[in-house]
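J.: Submitted below is the structure of interest, expressed as structure tokens.
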Amino acid sequence: MAAVLDFAVGSHARAATVLVLFALLMFLPGQFQIPPMDRDEARFAQASKQMIETGDYVDIRFLTQVRYKKPVGIYWLQAGAVQAARAAGIPDALTSIWLYRIPSLLGAIGAVLLTYWTALCFTTRRGAVLAALMLGGSIILGVEARLAKTDSVLLFTILAAQGALARAYLWHDPQRQGAR
């Protein structure tokens with residue numbers, strides 16, 4: 001593990017590569033085999049499926065009821081993933097739950113990378129890689145990466161905002177600016 005960490009801290013590109021590979025190793029198992037595990041996951045997927053079937057990407061519905069409970073972006077991301085899969089000729093794309101999980105998987109991987117990017121404001125490259133590895137190894141993120149829900153995508157957006165705020169806050173500090 002120490003050798004991998006030493007390799008990763010050699011450059012930002014190496015760190016990102018190691019973090020993406022680690023995240024894939026942690027989040028991909030079960031992605032294609034696990035059936036819908038949560039009633040909300042099935043509701044998100046069904047609402048996104050109905051968006052595709054009706055062509056209405058604004059009025060979100062679960063069966064006949066409106067579903068304005070969560071950010072609309074997750075429905076659009078799920079519908080986009082399924083539509084891309086259909087265009088690529090993947091059979092049963094509309095009814096394959098793993099396709100609806102792609103935004104969650106990408107959000108979780110992005111959250112790992114953004115943890116590294118955000119942590120660079122406050123610690124060394126080694127510390128930032130360790131922080132990102134800890135997030136990637138957390139059980140809850142592993143679960144959320146495998147669910148067609150909002151949580152990992154929301155974590156991604158929160159970390160993007162926090163990283164940007166940290167950089168804006170430290171921008172005028174000559175000792176911190178560009179130190180990492």
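J.: So which helices of the chain fit the span-like rule, where a helix is a whole DSSP H run, its Cα atoms reach 27 Å or more along the axis, and its mean Kyte-Doolittle is at least 0.0?
T.: For the chain, where a helix must reach 27 Å along its axis and average at least 0.0, the hits are 151-170.
J.: Label-point separation (nm) for SER11 and MET134, each offset 7 Å from Cα along Cα-to-Cβ?
T.: 2.8 nm
J.: Hey, if we sort MET26, MET134 by accessible area with the 1.4 Å probe, largest down, what's the order?
T.: Accessible-area ranking of MET26, MET134, largest first: MET134, MET26.
J.: Rank these by accessible area, largest first, 1.4 Å probe: HIS12, HIS172.
T.: HIS172, HIS12
J.: What figure in square angstrom, to the nearest 10, would you give for the accessible area of PHE32 with a 1.4 Å probe?
T.: So the heavy atoms of PHE32 present about 110 Å² to solvent.
J.: Just want to confirm a number: the relative contact order over the chain, from Cα pairs under 8 angstrom separated by 6+ residues, in percent.
T.: It comes to 26 percent, rounded to a whole number.
J.: Further question on the same structure: For the stretch 1-106, what's the radius of gyration and Dmax over Cα atoms, in angstrom?
T.: Computed over the Cα atoms of the stretch 1-106, radius of gyration and Dmax are 17.4, 55 Å.
J.: While we're looking at this one, here's another question. Using the basic label-point model (7 angstrom from Cα toward the beta carbon), what is the ALA87 to ARG167 distance in nanometres?
T.: 2.9 nm
J.: Using alpha carbon centroids, what distance separates the stretch 91-127 and the stretch 19-63, in Å?
T.: 15 Å
J.: Okay, moving on. Can you give the helix-only mean residue ellipticity at 222 nm for the chain, where every DSSP H stretch with n ≥ 4 adds -39500 (n - 2.57) and the sum goes over all residues, rounded to the nearest 500 deg cm²/dmol?
T.: Helix contribution divided over all residues of the chain: -20500 deg cm²/dmol.
J.: Something else about it: Debye sum, Cα scatterers, the chain, no solvent: what log₁₀ I/I(0) at q = 0.11 1/Å?
T.: So the normalised log intensities work out to -0.55.
J.: Something else now. For TYR116, TYR169, what's the largest-to-smallest order of accessible area, 1.4 Å probe?
T.: In descending accessible area the options line up as TYR169, TYR116.
J.: I would also like to ask the following. Give me the 1.4 Å probe accessible area per residue for the chain, excluding ligands and nucleic acids, in Å².
T.: So the chain comes to 54 Å² accessible per residue, rounded to a whole number.
The values are calculated or read from the model by the stated rules, or taken from the named source; none is laboratory data. For clarity, every value in this text was computed on a predicted model and none was experimentally measured. Glycine gets a Cβ as well: all are built from the backbone with ideal geometry, and neighbour counts include every protein chain shown. Side chains are part of the model used for accessible areas, which takes the heavy atoms of the whole protein and leaves out ligands, DNA and RNA. Shrake-Rupley method; radii C 1.70, N 1.55, O 1.52, S 1.80 Å.
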